[in-house]
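This report refers to the structure that appears directly beneath it.
The values are calculated or read from the model by the stated rules, or taken from the named source; none is laboratory data. All figures in this text were calculated on a predicted structure; none of them were measured in a lab. Glycine gets a Cβ as well: all are built from the backbone with ideal geometry, and neighbour counts include every protein chain shown. Areas reflect the complete protein model, heavy atoms only, side chains present, ligands, DNA and RNA absent. Shrake-Rupley method; radii C 1.70, N 1.55, O 1.52, S 1.80 Å.
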Amino acid sequence: MILLRLISWPYARKYLLRTLLTTAGIVLGVAVFVGMHTANESVLAAFHQTIDRIAGQTQIQISAGEPGFSEDVLEKVQNVSEVRAASPVIEATVSTDQGNLLILGVDMLGDRSLRTYDLEGADTALDDPLVFLAQPDSLIVTRSFADQRGLRANSQIPMKTMDGERVFTVRGIMKPGGLASAFGGNLAVMDIYAAQKIFGRGRRFDRIDVALQDGVTLEQGIAKLRSAIGPGFQIEPPSSRGQQFEATSRIYALASDITSVFALFIGMFIIYNTFAIAVTQRRAEIGILRALGATRGQIRTLFLTESAITGLVGTLAGVAFGVAMARGMAGYIGGLLEEVYGVSQSGGNIEIAPWLIPAAVAMGLATSLIAAVIPARAAAFVDPVKALQKGSFQSLGEGESGLRRRWAIVCAVLSVIALALTRDTLVFYAGYLLAVLAAVLLAPAMALGLARALRPLLARIRPVEGALAADSLIQGPRRTSGTVAALMLSLALVISLGGLARSSYNSLSEWMRIALNPDLFVTTAESVTARTFVFPASLGEGLRAIDGVGEVQLVRSVRVLVRNTPIMVVATDVGSLARRAKLPPVEGDSEEMYRLTAEGKGVLASENFARLQGVRMGEMLEISAPEGTLKLPVVGIVRDFSDQQGSLLMQREVFVKYWRDDSVNVFRIYLKPGAKEAEVRQRILDAFGSRQRLFVLTNRDLRNYVIRLTDQWFGLTYVQIAVAVLVAVLGIVNALTVSITDRRREIGVLRAVGGTRQQVRHTVWMEAMGVGMIGLILGLALGAIQLYYSVEIARRDLIGIDIGYSYPVQTALALAPVILFAAFLAALGPAESAVRGSLVEALEYE
Amino acid sequence: MNRLTLLMLAISASAFAQDPRQIIEEVQKRTRSNSQRYAGTLEVMGGESRIAIKKWVFERLGSFGQSKAVLRFTAPAEVKGVALLIVNHPDRASDQWMWRPNIGRDQRIALQDRSTRFFGTDFSFEDLEERDVDQFDFKLLGDEGGAWKIESRPRKSSQYTHSIMWVKKDNYTITKVEAYNKNGLARVIDYRDFEQVKGIWTARTTEVFDVGRKSHTILKFDKLEYDLPLKDDEFTVQALRRES
């Protein structure tokens, strides 16, 4: 403690800016980690909270995936003697003029056994539920929703239904709390049979909520219900819902973990760099301490403690920053889930998991301690005699350099070997780590080599300043290599993320060209992925009769559980689809696979489904459906981007038979030759638009929508890119700040022999841009390797699709001026610091 | 209308005085008819002195466990056409369906939901059933004010654990019923304004008091008729849909 107070604190105070900048990498890494996990957890918590509050006293929920099931299941459930109450439910999210609403369609007669409707005004609507039941436009809303939108009893809310726009009447307002606080209060209750009509559900329910008789256990209840209604249904407690959200959020968590680990890795280098330089600068101080009797252990502990404190400060700042970012991220993730899965998440509170802060602290501290191990060891082994001699010790010892190179080669060779054994996941990730380690170990030697190679160029640009800048780089490898390594890693991350995005867009464009080639799409929502509303199949005949319409394909897309994972099942006339939009096969014969599927003898699996689920060609799939277990073999594997979790394509008749659901989500329309898109679109709207909910999208509209959705997915990627660039810039500032301090005497001499302030500035600027250039070159090179691994990780663990390797040349070209400019900006402060220093003091330095 | 209401008329049979089952059998015998129709007016008095008024037409074919009934709301306008079909059985709980013309849907009323209030009144769906005497066990509790006090316990599923009825000795009309569930006294039903229609003593006014909610419902009979020609096929779900 004494040493900290007498030795460390004055040093830190003297170089306060450097100390703060040193923590920057930790701050950002921890902030990304805390922010993303908090956002993920908050969105999930909000979802689970909504489930719990809506569930009320429900002990078991019966469902059959998104399509739901026929009404007649309800009677079977109600006839089970172990059932105390069974209430059917339809749950859907709609957009209204008053904002998004989660609509709960329930049977008011029996639902009050499961849920508490605490209404205001002496329970008006439910004191007289007859009016509520008799009038299909009846709604009960929450107090918070009513207040926000100025609603009272008998207020009217317009809503787009399957029968066109309808006006609904508020017939009751729920007091806050309980059910009314689900979904952030944006909840409305209506009669379930009215909801069936509004959402085009026909005679189907989404699920049945069940409470059991006293004394009946959950297991007994589930067993009895299974026996009564047969297989093909999910019968589980409410807490089991939300698997699809958790699966998606896991992907986000994995991606953000990779980014935060990278940021921490970069932060580690910044700290290592700073401490390595500090050890060099404080050699005399260390020598004195050792001469006075301080042990090696005490010296080592001193530096490790300094690093730990630095890490702790950075971690705490990162936590605060991360929590502040979390709200925005939660809104973003929630919005994306709504777009893709059609279920909204209201803003809600931010919830920090109890494990997160300790984990963040542990990460930050571990990073800073690991970073300081080598400098602390070096400090502990400083020779007291040599330490008290004047001189620079910047050059890397040949032995040390050689050792690094040998280790780098070992790591590189092992990494290449691991490539050959990539089936094993552990080996694959070990190989990845070794590749990065090899690059980091080689960074000083490569930086030195590049600095020597750049010297002629820099000297050509500005003979004096350029040469001085290059010499500074060559003679100060310790100072430079850490920053170069940090910059290299940052830019490699940027290249890999950019490459992923580019490959994804390329693959997606190709898929859209093949799969999304109809001229028009008739959908129930502007968002083509929303499945709240459905069309009756009979609309298809009406569309075929429209002048200019050549072919109409009916498509039903629903999410069902397959091997405990929510998978998108796409049901259509596969024969018709094969003639128009045959997806390229990944495995299997193209003609055969489509023929078998059209005959109902198999399913086509998407590549990501096959990979993520470990499913092979010919493997028999069992899919639980309300009308029994559907058993079909996988007759082909195709590249399909329909869904992140994977998709199965099956013949429409098979789906109708097993789910008793002939409704339609999308009509794909091909025009007759010569027909004009805009005219046919208008004819459809004229014929059907006024009497039912219907949107007609052109091919361009849909492609733009898919691109926009993809942009949203990669939105967070761009945040990660910004993080990487910021960390790199901070690293350069840090290195230059150290450099200026280190070279005060040198700069003083330069000015004393006639160098102008402007020349000093130019020298510093060029040194910074030199660091930037070296880091850029190394980063672009490492980025090529990093991109390979990123594509593999995406294929193996994230999306299951091989999106192909495509080096982002444009990103690389764009990075050059950005990094050079960033380096220039980073140099401005240190350059001014260099020219403002007192000449006399500088010459007296050391 | 409900099973207790239909037990209101009785004939004197002093030979049955002490056997509660026989008393109730006599009550049923005196109220038996081939069919019934009336127009009813409901006044529901809830909290804050709020009164809601509804009107319906009730038709019944048969009696007690062998009967079918249709209840169709005629006022107010928002609820006109909503109907309830009740098919009673001699050996088990009734089957009930509700018809809502504005939605065009019929809906079966589940057994678990029979204890809920009937459309905002203080009757429950179960109270609208008619059950044969064989579905209860009876016990004579004594005399009170010229009436037998009889306890009945349902043998099959019911929201009630037991009921206590007061049956007038002179004309075998039920004047009061107290219905108990596991939480205690749930409802009190008073019958008054008795009138003989085609030889059947009928209470023109029935008042139900919900003990828990502290609310009243008063049902007044109007245009009461017995033994009129009604067709069996008018008491089906299909008929409910047709009539709307």
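Tabulated data
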read-out: Residues losing 30 Å² or more accessible surface upon assembly, the stretch B:64-84, compared with the chain by itself, 1.4 Å; value: B:Glu78, B:Val79
read-out: Accessible surface of A:Trp511 - all protein chains present, 1.4 Å probe, nearest 10 Å²; value: 30 Å²
read-out: Packing-based ranking, highest mean first, of B:25-37, A:71-83 given that Cβ atoms within 10 Å are counted; value: B:25-37, A:71-83
read-out: Those aspartates and glutamates that a straight Cα-Cα span of less than 18 Å connects to B:Lys139, excepting residues fewer than 8 apart in one chain; value: B:Asp19, B:Glu25, B:Glu26, B:Glu151, B:Glu178
read-out: Under Karplus coefficients 6.51, -1.76 and 1.60, residue-wise ³J(HN,Hα) of the stretch A:366-374 in Hz, glycine/proline x; value: 4, 4, 5, 5, 4, 4, 8, 4, 5
read-out: Table column - 3J(HN,Hα) (Hz), the stretch A:581-595, Karplus curve with 6.51, -1.76, 1.60, x for Gly and Pro; value: 9, 7, 6, x, x, 9, 8, x, 7, 4, 5, 5, 5, 6, 5
read-out: Cβ neighbours within 10 Å from other chains - mean over B:97-107; value: 4
read-out: Folded to 0 to 90 degrees: helix B:20-31 orientation relative to chain B principal axis, Cα; value: 50 degrees
read-out: Helix axis angle, A:809-836 relative to chain A longest principal axis, alpha carbon, degrees; value: 40 degrees
read-out: For residues of B:113-120, the mean tally of beta carbons on other chains within 10 Å; value: 6
read-out: Highest to lowest packing among A:697-708, A:213-224, A:308-319, scored as the average C-beta count within 10 Å; value: A:308-319, A:697-708, A:213-224
read-out: For A:Ser155, solvent-accessible area (1.4 Å; no DNA, RNA or ligand), Å²; value: 20 Å²
read-out: For the stretch B:22-242: rounded, prolate or oblate by the Cα gyration tensor [a/c cutoff 1.5]; value: rounded
read-out: Accessible area of the stretch A:19-72 belonging to carbon and sulfur atoms, whole % at 1.4 Å probe; value: 54 percent
read-out: Karplus-derived 3J(HN,Hα), 6.51/-1.76/1.60, for each residue of the stretch A:77-92, Hz, glycine and proline x; value: 5, 5, 7, 6, 5, 6, 8, 7, 8, 9, 10, x, 9, 10, 10, 8
read-out: Acute angle (nearest 10 degrees) that the helix A:218-229 long axis makes with the longest principal axis of chain A, alpha-carbon atoms; value: 50 degrees
read-out: The stretch B:22-242 - accessible surface per residue (Å², probe 1.4 Å); value: 41 Å²
read-out: Residues in the stretch A:125-169 that, when all protein chains are in place, have 20 Å² or more less accessible area than the chain alone would give (probe 1.4 Å); value: A:Asp127, A:Asp128, A:Pro129, A:Leu130, A:Val131, A:Leu133, A:Ala134, A:Gln135, A:Pro136
read-out: Under 22 Å from the Cα of A:Lys672 - lysines, other chains or at least 8 residues apart; value: A:Lys582
read-out: Pairs from A:Lys175/B:Lys80; A:Lys76/B:Lys68; B:Lys149/B:Lys169; A:Lys631/A:Lys657; B:Lys54/B:Lys231; A:Lys76/A:Lys657 whose Cα-Cα separation, in the structure shown, is over 18 Å; value: A:Lys175/B:Lys80; A:Lys76/B:Lys68; B:Lys54/B:Lys231; A:Lys76/A:Lys657
read-out: Proportion of all alpha-carbon pairs of the protein assembly as shown beyond 54 Å (%); value: 40 percent
read-out: Residues listed by number, the stretch B:88-118, amide nitrogen under 18 Å from A:Arg203 label point at 7 Å toward C-beta; value: B:96-110
read-out: Å² of accessible area per residue within chain A, as computed with a 1.4 Å probe and no ligands counted; value: 39 Å²
read-out: Rounded percent of accessible protein surface that carbon and sulfur make up, the stretch A:168-213, 1.4 Å probe; value: 53 percent
read-out: Per-peptide average of other Cβ atoms within 10 Å, ordering A:265-273, A:785-793, B:125-133 highest first; value: A:265-273, B:125-133, A:785-793
read-out: Fraction of accessible area attributable to carbon and sulfur, the stretch B:22-242 (%, probe 1.4 Å); value: 47 percent
read-out: Computed magnitude of the charge dipole of the stretch B:22-242 (debye, nearest 20; Cβ of K, R +1, Cβ of D, E -1); value: 480 debye
read-out: Amide H partners (placed H, <5 Å) of A:Thr142, local residues excluded; value: A:Met174, A:Leu187
read-out: For the pair A and B, total buried accessible area rounded to nearest 100 Å², probe 1.4 Å; value: 2400 Å²
read-out: Residues of type aspartates and glutamates that B:Lys198 reaches as a straight line, Cα spacing below 16 Å, ignoring anything fewer than 8 places off in the same chain; value: B:Asp222, B:Glu225, B:Asp227
read-out: Cα-centred dipole magnitude for chain A, charges only on beta-carbon of K, R (+1) and D, E (-1), debye, nearest 20; value: 3240 debye
